[in-house]
Amino acid sequence: MDRFDRDLGNVWVIGASSGIGRAFAERIAGLADNVAVSARSVDSLREVEEQGRGTIAFPLDVTDAAAVEATARDISDRFGSIDTAVLSAGTWKHLEAGDIDLDSIRAGIEVNYMGAIHAIAALVPIMENQGRGHIVIVGSLSGYRGLPRTVNYGPTKAALISLAETLKLDLQQFNIRISLVNPGFVDTPLTQQNTFRMPQLISAGEAAEYMLKGIRTGRFEIRFPHPFANVMGFLSWLPNALYFRAIGRMIKRRGRS
């Protein structure tokens with residue numbers, strides 16, 4: 001076990017029942033001292049628990065702030081500390097352009113954004129008391145700029161990007177590190193709803209490898225896959241007129257395909 005593996009310490013992965021969260025929890029089993037996994041799906045969590053060395057399931061609904069706080073205390077008491085927390089809970093529903101689905105939008109806000117806020121509110125006092133900690137927030141490249149048919153998803157990821165930047169500035173004085181993970185298209189139950197071709201689609205296992213490498217090297221933003229992530233980064237810097245023109249052309253090409 002190398003220095004970076006030891007630095008993971010006791011890890012809490014939220015959103016570990018499927019997708020990136022599950023792949024990351026499975027990847028670090030045996031590398032971290034202990035791994036706590038949380039999500040609403042109890043059966044899926046039990047599967048992760050059975051496969052991972054030192055992995056313990058803590059079923060949880062991230063929209064319940066009191067439950068998140070109680071779970072964080074439970075994990076901290078059981079393991080002695082929470083050194084690294086990965087916040088990857090997320091939800092999304094396929095919508096067509098112009099479909100302002102209030103229930104879907106509200107769910108995105110409650111799970112994707114407020115779920116992270118609930119975890120952070122529970123973690124910060126624990127990590128302050130420890131004198132250290134590392135919070136990893138899973139955003140998305142879709143949070144860089146507005147994208148078509150993401151009204152229930154992209155804005156929540158944009159909020160997480162801003163949140164991570166704010167927390168990096170606010171929490172560094174307490175020796176609490178912040179990392180921001182911005183994936184592109186990853187093959188998960190959520191993206192399997194997509195009806196269009198997804199550029200540079202990668203597996204959840206590949207995403208977990210990118211995340212682990214980024215955490216090991218201490219980067220603030222961990223974005224992948226390349227070069228797609230670099231293209232999205234370039235687009236985010238374009239003036240509005242050029243950006244909307246470029247995205248409009250992409251939509252037209254997709255419509256002809």
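The values are calculated or read from the model by the stated rules, or taken from the named source; none is laboratory data. Note that the coordinates shown come from a computational prediction; the quantities given were computed from them, not determined experimentally. Here the Cβ is made from the backbone with ideal geometry for all residues, glycine too, and neighbour counts use every protein chain on show. With ligands, DNA and RNA removed, areas are computed over all heavy atoms of the protein, side chains included. Shrake-Rupley method; radii C 1.70, N 1.55, O 1.52, S 1.80 Å.
Here are some notes:
- Qualifying residue in the stretch 224-231 (condition: in a strand (DSSP E or B) and surrounded by 18 or more Cβ atoms within 10 Å (Cβ to Cβ)): yes
- Yes/no for Ser88 being in contact (Cβ under 8 Å) with a residue 60 or more places away in the chain, of a type in the set (S, T, N, Q) and within 19 Å of Ala16 (Cβ to Cβ): yes
- Qualifying residue in the stretch 102-109 (condition: within 24 Å of Ile178 (Cα to Cα) and modelled with pLDDT of 95 or more): yes
- Complete set of residues in the stretch 34-50 that are polar (S, T, N, Q) and farther than 15 Å from Val11 by Cβ: Ser41, Ser44
- Scoring Thr150 on the criteria (1) out of contact with any Pro (no Cβ under 7 Å at 6 or more places or on another chain); (2) in a loop (DSSP other than H, G, I, E, B); (3) open to solvent by 50 Å² or more (accessible area, probe 1.4 Å) leaves a single failure, condition (3).
- Out of Glu128, Glu165, sole residue that is under 16 Å from the mean Cα position of the chain (by Cα) and among the acidic types (Asp, Glu): Glu165
- Qualifying residue in the stretch 41-49 (condition: closer than 17 Å to Leu190 by Cα, modelled with pLDDT under 95 and touching a Pro at 6+ places or on another chain (Cβ under 9 Å)): yes
- Restricting the first member to the stretch 129-152 and to residues that are of a type in the set (D, E, K, R), and the second to residues that are open to solvent by less than 10 Å² (accessible area, probe 1.4 Å), the beta-carbon pairs closer than 7 Å and six or more apart or on different chains are Arg145/Tyr243; Arg149/Leu95.
- Residues of the stretch 162-173 satisfying the condition of being crowded, with 16+ Cβ neighbours inside 10 Å and either among the charged types (D, E, K, R) or farther than 22 Å from Arg216 by Cβ (or both): Leu163, Lys168
- Of the strands (runs of 3 or more DSSP E) contained entirely in the stretch 1-102, those carrying at least 1 residues that are surrounded by fewer than 21 Cβ atoms within 10 Å (Cβ to Cβ) and of a type in the set (A, V, I, L, M, F, W, C) fall at 55-57.
- Meets criteria (among the hydrophobic types (A, V, I, L, M, F, W, C), open to solvent by 50 Å² or more (accessible area, probe 1.4 Å) and either under 16 Å from the mean Cα position of the chain (by Cα) or farther than 29 Å from Ala32 by Cα (or both)) for Ile109: yes
- Among the conditions (1) open to solvent by less than 50 Å² (accessible area, probe 1.4 Å); (2) modelled with pLDDT of 95 or more; (3) more than 18 Å from the chain's Cα centre (by Cα), Ala119 misses just one, which is (3).
Here's the yes/no breakdown for (1) in a helix (DSSP H, G or I); (2) hydrophobic (A, V, I, L, M, F, W, C); (3) farther than 28 Å from Met250 by Cβ:
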residue	(1), (2), (3)
Ile120	yes, yes, yes
Pro125	yes, no, yes
Val136	no, yes, yes
Leu180	no, yes, no
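- In the stretch 237-249, the residues that are in contact (Cβ under 8 Å) with a residue 12 or more places away in the chain and in a helix (DSSP H, G or I) form Cβ pairs under 9 Å with partners that are open to solvent by less than 70 Å² (accessible area, probe 1.4 Å) and among the polar types (S, T, N, Q), at six or more places apart or across chains, as follows: Tyr243/Ser236.
- The residue of the stretch 181-190 that is modelled with the lowest pLDDT, among those that are under 17 Å from Gly143 (Cβ atoms) and open to solvent by 30 Å² or more (accessible area, probe 1.4 Å), is Leu190.
- Top-ranked residue in the stretch 204-216 [being in contact (Cβ under 8 Å) with a residue 40 or more places away in the chain and not β-branched (Val, Ile, Thr); ranked as farthest from Met232 (Cα to Cα)]: Arg216
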